[in-house]
1. Please calculate how many Å² of accessible area the stretch 139-214 carries per residue, with a 1.4 Å probe and no DNA, RNA or ligand atoms counted.
2. For the stretch 11-16, just list the computed ³J(HN,Hα) in residue order, Karplus coefficients 6.51, -1.76 and 1.60, θ = phi - 60°, integers in Hz, with x standing in for Gly and Pro.
3. With Cβ to Cβ distances under 14 Å as the rule, what net charge do the other residues near Ala27 carry (K, R +1; D, E -1)?
4. Per-residue ellipticity at 222 nm for the chain, helices alone: DSSP H runs ≥ 4 residues times -39500 (n - 2.57), over residue total, nearest 500 deg cm²/dmol?
5. Just to confirm, what accessible area per residue do you get for the stretch 9-64 at 1.4 Å probe, in whole Å²?
6. Going by amide H atoms built from the backbone, whose H comes under 5 Å of the H on Gln37, apart from near neighbours?
7. Once you keep just the Cα pairs under 8 angstrom separated by 6 or more residues, what percentage relative contact order results for the stretch 76-229?
8. Hey, any idea what % of the chain's accessible area is carbon plus sulfur with a 1.4 Å probe?
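The values are calculated or read from the model by the stated rules, or taken from the named source; none is laboratory data. If you're wondering where the values come from, they're calculated on a predicted model, not measured in any experiment. Quick reminder, even Gly has a Cβ in these numbers, built from the backbone with ideal geometry, and neighbours come from all protein chains shown. Each accessible area value is taken on the protein alone, full model and side chains, heavy atoms only, with ligands, DNA and RNA left out. Shrake-Rupley method; radii C 1.70, N 1.55, O 1.52, S 1.80 Å.
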Amino acid sequence: MEQRFTEQSLIGDIVAEIPKAADLLKAHRIDFCCGGQRPLKEAIEELGLDGEALLRELNTLYAEAQNKPAGNWGEAPLADLVDHIINTHHRYLNEELPQLSPYVTKVLRVHGMHHPHLSHVHKLFHELKTELEQHLIKEETGAFPLILQFADNPSPENREAVERAVRELVNEHDAAGDLMKEIREITNDFTPPEDACGTYRLVYSRLAALEDDLFTHIHLENNILFPRVLAAVKN
């Protein structure tokens, strides 16, 4: 079997090439979005994982993918990738964040006295909600149009603005990713207590789904969209 990936492979590059690898990395608690630009070896050592076994699984996924062609966002027109991010991930967040908010508040009100950690979950979720809502507006009204303008006209005047916009977005991604990871830790990997009611379980389930979508969203930008744009900036 071809050894496509090694311990020196960048985590984000692995997922960019084999999107299904995201599930495997997530199962091992390896950050592939905000931590995508570091070698797999660092995550293996940090988490005490069996590197050989993990690489076997990743290379098996790669071999299987060769027989199952899929869309490649690394080669798609930038405009198509931006449209996908907006119509899939931005739409999801714009719908889910306001819908989930009252449930997070209800669970705190009903169960907060006996489950004090819910106060922290409530605080973190609404901080994340505010940051993401502002972030989406910034992307749709400023950064993405600038990126597409640069793709059509890579002039020196646009270069500095694009680089600055990308740096700001990556920093905001890091902040959102940290909030989501903290929510996961506080909720014991989104595991509700045995006596949790249906709403309590619903909140945890939807927080887990929010994390899944957010990490895929950030991955598409940090590890595919932005590197492609910055590569154009350098040319």
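1. Averaged over the residues of the stretch 139-214, the accessible area is 49 Å².
2. Values per residue, Gly and Pro as x: 4, x, 5, 4, 6, 4 Hz.
3. The answer is -3.
4. Dividing the helical sum by the residues of the chain leaves -22000 deg cm²/dmol.
5. For the stretch 9-64, the solvent-accessible area averages 46 Å² per residue.
6. For Gln37, the qualifying residues are Gly12.
7. It rounds to 33 percent for the stretch 76-229.
8. Answer for the chain is 51 percent, counting heavy atoms of protein chains only.
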